[in-house]
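Take a look at the structure set out below.
The values are calculated or read from the model by the stated rules, or taken from the named source; none is laboratory data. All figures in this text were calculated on a predicted structure; none of them were measured in a lab. For neighbour counting, all protein chains shown are included, and Cβ atoms are generated from backbone atoms with ideal geometry for every residue, glycine included. Calculation scope for accessible area: heavy atoms of the full protein, side chains included, ligands and nucleic acids excluded. Shrake-Rupley method; radii C 1.70, N 1.55, O 1.52, S 1.80 Å.
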Amino acid sequence: MTEIALQVVGLVRRVQGVISHTLVDGIDLSVAKGEFLAITGPSGSGKSSLLYLLGLLDAPTEGEVIICGQPTSKLSETERADVRLTKCGFVFQFHFLLPEFTALENVLLPMRAYGRMSAKEMNERAMMLLTSLGLAEQAAKRPNQLSGGQRQRVALARALANRPEIIVADEPTGNLDTASTEQVFGILRDIADNGQTVVVVTHDAALAARADRRIHIVDGKIHETSFGIDSKPEVAAATGAV
Amino acid sequence: MTTNLLLSIAWTHVSTRVRQTLVGMFGVAMGVGFTIMMAGLMQGSQIDFLRQLVDTMPHVTVEDERRSVPSQPAEEEYAAVGMSNVPNVTRRPGIKYPDTVMASLRSWLPGDVAPSVKTTALVEHGGARVGVTLTGIDPRLEVRVSKLASQMREGQLTDLSKAANGIIIGQALAEKLAVKNGNTVLLGAGQGAQTSATVVGIFRSGLKRVDEGQIYSLISLAQTLMGQSGIINQLRLRLSDPVVAQKVATQVEAQIGYKSVSWQEANADLLSTFATRDFIVLTVMGAMLLTSSFATYNIISTITHEKRHDIAIMKSLGMREYAVRRIFIIESAIMGSVGIVFGWILGYLLCYGWSQITIFNPLTGATVPLQIYYSPMHYIASGAISILCCAVAAFFPARKATRVHPVEIIRGAS
């Protein structure tokens, strides 16, 4: 039996306002541990909204997000923050690094916020992550001294810092050139192959095709599901779509 | 560990925004500095004034009257009895056995006591006539209970014994009557007795009502004018610590039964004015500190606005809202505490600067430097209030900024 890392049931997200708007409209989805899931769809289709719900950044209007077997709809904002800190790693289109801090300090941030390791261990882990992403030379530089691709890799290292079960990435390659895109995508692929779950929102159909599974969202609903060329057999088994 | 993180983020924000931080610190420093200066000035002038008052007056005055009508034995015995027209002055004026009373007081008093005779008199000179209070004193004992000896402008206390019917008058009175040292004036008593007296000294206490309405003579002259030989109707006490005067007065009154008035009681109206003044000053100082904290409010508002992205990141990474909020409160505290230290320096310098200024004091008629009171309490209180104001000033913008949902900002950015 394949482990389910992330499961959503009847997920609905509505925005109340002058004009009420349904961003996510009844999505059921299971993501296996170690799966690389790509979410595609046109602008405004609700794919980012779905991603924020999956990463507990946002709370659903209806439905349930189950992360590693833990239902989250009843959690308080603080408890959700704690789950994000330990179980989810975020990468955004805009790198969102703290500008006054060096690459190393940015990677240290989630570990220091969690506070379960000694300063020495944290430093070692941060350096190890930066080195594995080819950034050992850039550790002492600030974000504005790094290229776009380098920043995005620092953001990835930061997302990985607390060994989260799930990496959630929103258009991580949206601002990158082809070479950097290839590099970042490769890293995400490696992360998934190492057993962490990766959920990526992307516009790039070519990249999405290299994921284990691709779901296409239109108007907040899953419009189409397709499987990658080299998708892992357990993914198909987990999602019951053989 | 987490506190460490918050501190380092806060420190980074503050240290990379030098101009803003300096403005914030400057605001706090101004508030604290001016508050200290005001406190020093106000308390300095007040203490100076009180010192003059206390120096001029006896600390406790015992007079030959009772505070209330003595209760009559019949009244104590029967509830129905009501006695009226009972005088509360002793039948024969004067304090009974003054020497014995003084000896007994000296045995426990933290200070000294001197006898005197107080009466009213008219001073006539060159056709002008002024009503005054005449106090007959013993020059040898007087030096122990008043500063009169040091207030002499011309002549000495001992000169009283050198001339027949010598008197010492205040400078203001001397000017009013155009009397010079050595002149002879006519002294009239309420009872009709009249005698000529020689001015042997002129004093100046600094209090106008004393300088204009008080003269001194030997005890015997006052007794003669009253027509009561041997009478002593006033004991004047001077204490080593004027603050305990009230307590001593109560004790003396309990022991000897005569009305004993402390300088605090005699000047209750002045002291209550001081209480009002204190209240006004405290209000103004509080307002200054509060106003200075608005600079902090503004700066924290600006920083939190500029740092919206960082707040969103930290929250999305899983930092709790109150932890993120605390970063900005720490920033305010950093600005506040450094500002307070600068404020202390500024306050001290301002106090020092003011103390170099001399002003004409109409009370004493002398040009004296402004009196500044230096007290660590001023520094502690202004610092404590200021840091509290800073924390509160930071709390509201920080709370508003950190409440923002990260999704709103992340959506806006991408």
Members of the range B:208-243 that are under 21 Å from the mean Cα position of the chain (by Cα) and open to solvent by 50 Å² or more (accessible area, probe 1.4 Å)
B:Lys208, B:Arg209, B:Ser240, B:Asp241, B:Val243
By my count, helices (runs of 4 or more DSSP H) wholly in the range B:1-107 with at least 1 residues that are among the basic types (Lys, Arg) are B:18-56, B:98-106
Residues of the range A:56-85 classified as touching a Gly at 6+ places or on another chain (Cβ under 6 Å), assigned to a helix (DSSP H, G or I) and free of Cβ contacts under 8 Å to residues at least 60 places away in the same chain, total:
2
Can you tell me how many residues within the range A:138-164 are open to solvent by 60 Å² or more (accessible area, probe 1.4 Å), among the charged types (D, E, K, R) and at pLDDT 90 or above?
3
Please verify whether A:Leu97 is away from chain B (no Cβ under 13 Å) and buried (at least 22 other Cβ atoms within 10 Å of the Cβ), treating the condition exactly as stated.
no
Quick one: count up the residues across the range B:389-414 that are of a type in the set (Gly, Ala, Ser), under 11 Å from B:Phe328 (Cα atoms) and within 14 Å of another protein chain (Cβ to nearest Cβ).
0
The lone condition A:Pro71 fails out of (1) under 15 Å from the mean Cα position of the chain (by Cα); (2) more than 8 Å from chain B (Cβ to nearest Cβ) is (1)
Whichever residue in the range A:103-118 is open to solvent by less than 30 Å² (accessible area, probe 1.4 Å) and in contact (Cβ under 8 Å) with a residue 40 or more places away in the chain and, among such residues, is farthest from the other protein chains (Cβ to nearest Cβ):
A:Ala103
Restricted to the range B:294-314, and to residues that are open to solvent by less than 10 Å² (accessible area, probe 1.4 Å) and in contact with a Ser or Thr (Cβ under 8 Å, 6 or more places away or on another chain), which residue is nearest to the other protein chains (Cβ to nearest Cβ)?
B:Ile311
Among the residues of the range A:157-199, write down those that are under 23 Å from A:Gly41 (Cβ atoms) and within 14 Å of chain B (Cβ to nearest Cβ).
A:Ala159, A:Ile166, A:Ile167, A:Val168, A:Ala169, A:Asp170, A:Glu171, A:Pro172, A:Thr173, A:Gly174, A:Asn175, A:Leu176
Does B:Arg277 satisfy the condition of being under 30 Å from B:Asp159 (Cα atoms), among the charged types (D, E, K, R) and open to solvent by 30 Å² or more (accessible area, probe 1.4 Å)?
no
